[in-house]
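Right, one structure below, let's go through it.
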Amino acid sequence: MIDIAVIKIAEMVGNYLGLRHGTASDGEKWVTTISLVKADGNGTNTKDIGRVNLQLVSIEEDRLSRTVDHYDRTATVPKKFFPEVKVNLFLLFSSDPKDTEMSYCNAMSYISSVIAFFQSHPQLDPTNTPSLPEEIRQLAFEMQTLSFEQQSYMWGMIGAKYRPSVLYRMRVLIIQDRLPMSEGPAITTIEIRD
């Protein structure tokens, strides 16, 4: 579910950047979802990174909107499922001026366009975004402001050098395993014995 949501957001932001800045050259994507640093600590090949990169930097459980046990009573045999898990994703959009072809000013312009996208699309749901996968009910976006210390920590955690970027919290992605925990016939009568 997380992968579906992140890839869809990258696609939508990429389409928006294409409208604002024109078609990317040489088949380059506007937005890619690739880690800036490989697991071995080496940098990712810059040819694989688009003009804007989207990276998941953190996942948190949304404990305020927890649900208790969930029952599906629409089936002929009621089924009990484990409670759904609601998570918030922290998405980092960054733009790296790779060489002289893409200047630092262009990188800042692309990040400004990412901000403009979320300013005009603060919430996504099936009514305003028909292409949203049906598993996703609603997503809301909030820009996150980090102190210099927090930014330093985040970029150190990623293992990359700072570049023009913006961090968004995407709320609330619901993850639900559809395998029933138990199932049984519906209770239709109640008997009281003395």
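Hey, could you check region 104-129 for residues that are under 16 Å from F141 (Cβ atoms) and β-branched (V, I, T) and say which is surrounded by the fewest Cβ atoms within 10 Å (Cβ to Cβ)?
Among residues in region 104-129 that are under 16 Å from F141 (Cβ atoms) and β-branched (V, I, T), the one surrounded by the fewest Cβ atoms within 10 Å (Cβ to Cβ) is I115.
Name the single residue, out of those in region 19-55 being assigned to a helix (DSSP H, G or I) and of a type in the set (S, T, Y), that is modelled with the lowest pLDDT.
T46
With the requirement that a residue be assigned to a loop (DSSP other than H, G, I, E, B) and either modelled with pLDDT of 80 or more or at positive phi (or both), what does region 163-183 give you?
R163, P164
I'd like to verify a number: residues in region 56-114 that are farther than 23 Å from V166 by Cα, in a loop (DSSP other than H, G, I, E, B) and modelled with pLDDT under 65, how many?
7
The values are calculated or read from the model by the stated rules, or taken from the named source; none is laboratory data. Because the structure is a prediction, the values reported are computed rather than measured. Cβ atoms come from the backbone with ideal geometry, glycine included; neighbour counts cover every protein chain shown.
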